[in-house]
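First up is the structure itself, then whatever we jot down about it.
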Amino acid sequence: MNLENRLNHLELKIRATILVVEVSFNTDNCIKKLGLDPTGIRESVCGTRSSLAEAISAALGIEPREFARQIKARANCGR
């Protein structure tokens, strides 16, 4: 077996052992868990032309930067 064939063989072995975990993520469910109405948040986004995160933070009464910081902190705790 030449070097190129051996490398291809090893790559195939490695790919077979790597499992891809797909996590289903539904934004509306997350908005509901925060105690907000997903439809109302989306209407707010369309009306003000802001981002979804800005609309959620405004509805929660939190600054967008603080909201982003808290989301990142919670996401890092789950790792």
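Structural remarks
- Cβ pairs under 9 Å, 6+ apart, first in the stretch 56-79 and under 21 Å from C46 (Cβ atoms), second loosely packed, with under 10 Cβ neighbours inside 10 Å and of a type in the set (K, R): S57/R65
- In summary, helices (runs of 4 or more DSSP H) completely within the chain and bearing 2 or more residues that are modelled with pLDDT of 90 or more occur at 27-33, 38-48, 52-60, 64-77.
- Positions within the stretch 22-55 being loosely packed, with under 12 Cβ neighbours inside 10 Å and either in contact (Cβ under 8 Å) with a residue 60 or more places away in the chain or of a type in the set (V, I, T) (or both), in sequence order: V23, T39, T48
The values are calculated or read from the model by the stated rules, or taken from the named source; none is laboratory data. Because the structure is a prediction, the values reported are computed rather than measured. Quick reminder, even Gly has a Cβ in these numbers, built from the backbone with ideal geometry, and neighbours come from all protein chains shown.
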